[in-house]
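The values are calculated or read from the model by the stated rules, or taken from the named source; none is laboratory data. Computed from a prediction, not measured in an experiment: that's the story for all the values here. Every residue, glycine among them, receives a Cβ derived from its backbone with ideal geometry; neighbour counts consider all protein chains shown. SASA here: full protein model, heavy atoms, side chains in, ligands and nucleic acids out. Shrake-Rupley method; radii C 1.70, N 1.55, O 1.52, S 1.80 Å.
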Amino acid sequence: RFIKCRIPSAAPAADRPRVLLVVTYMDKVAPGATANVEKAITQQAVLLQRSFEQFLDVDPHPFFLNATSMPDQNEGVRQLQKKLTAAHESICARNTQMPAICARIVDTLPQTRQLNGWEPVVRAPTFFIAHSEIPTMVQHDILRYMHSIGEIFWLDRDGARERVVVDVSWIGKYLLGELLQPNEWLLPRLHPDANGRLSQEQIAIRLGLQEGTKLPLLKFVIDTLKFLGLCHESAPGLFLFPALLPKTDDPVLDVMGETAGPHVQQWRLACTNGATLVNTEMLTAGVMPILQARVLEQIRVADCRMAYHRLVFKKGGVTIGVEQDKEGQYLDIYITPRNSDVRDEERNSVFSSAHWFFALLRRTLDDCCPGTRLE
């Protein structure tokens, strides 16, 4: 779905995205079943390669990793590292827009990081400190290119352009991993509250940014999280993360009941393949939390109620409810006028609010899982 709508089938083989299948936690497989599991997954990899050969370069040999072994003792990890290194070198060799100048910058990144105390994020002037020959007018182009090939992480947005993440793994392992991955070993005072909120102090402690000298980096982190649609500042210094809302089987928020009415309209947003609903595909995990955060950015908190994968809010003359199923295969959307007898003068407000929501939903889908549509 995502692949076919983004990648032309006529793309040269060398330009097709490379896909590696990585199987983690092989140590959880029963000793006698390891061979059968590896055989079955390898067969699936070959089938995937054949199914997408016009769009992707799928490696038919999966990588089987043991999560309890140290990286230097894990043959699967070593093979994966070699494969990724070779793929990276190949990509850099084929992209000739700015290879020489970027190669020089990459070579000096260790010295740049050392000058900055090995911090994962540096200021843009520091990033270019060893390359005074590079004109200021092209520095953003270089940063944009290096971000596109995965050498750095750089947001081309106001308020974030002045900082460059030079340790890309820090984004996933620390910034997102430490905040969004549930960790039962954390002290209770560092857990989010029942509404999925973390204070600025909690974020700083969890990321090791509580020292006064690291406050600028903390601000950059929070700005990045907000830009990525992962949180909303519900009060000064208090941030709501929809992804951290407690998971529960209890219907703490009855979306259908909250939006019930004689004029309620319902839609189902689902993964599709042409005109056929494909029940085996799932929406991207980030769709609902990001949609919730974006709604909060534009709707008063008092007019919005949410729970894990559930959202109900009021705007204009309507009540809008969204609910994702447990398997993550679809979203149900309910829109109902708050007045059962909608007068002519109220119709514009109703239509305007519905149009606003679907425009926001479309932008979220374009960012998270292109190819979905309303059924």
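Overview of results
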read-out: Between the range 14-64 and the range 210-248, the alpha-carbon center distance in angstrom; value: 36
read-out: Accessible surface of the range 126-271 [probe 1.4 Å, protein heavy atoms]: carbon and sulfur percent; value: 54
read-out: Net charge over other residues, Cβ less than 14 angstrom from the Cβ of R163 (K, R count +1; D, E count -1); value: 0
read-out: Using a Förster distance of 45 Å, the FRET efficiency for V46-R300 (Cβ separation, nearest 0.05); value: 0.25
read-out: Separation of the E133 and T34 label points, Cα + 7 Å toward Cβ, nm; value: 5.3
read-out: Spacing of the two label points (7 Å from each Cα toward its C-beta) at L20 and N116, in nm; value: 2.5
read-out: Net +/- balance of residues flanking L217 in space, Cβ distance below 11 Å, scoring K and R +1, D and E -1; value: +1
read-out: Probe 1.4 Å, protein heavy atoms only - accessible area per residue of the range 105-167 in square angstrom; value: 52
read-out: Cα-projected label distance for D254 with F227, points at 7 Å along beta-carbon direction, nm; value: 4.3
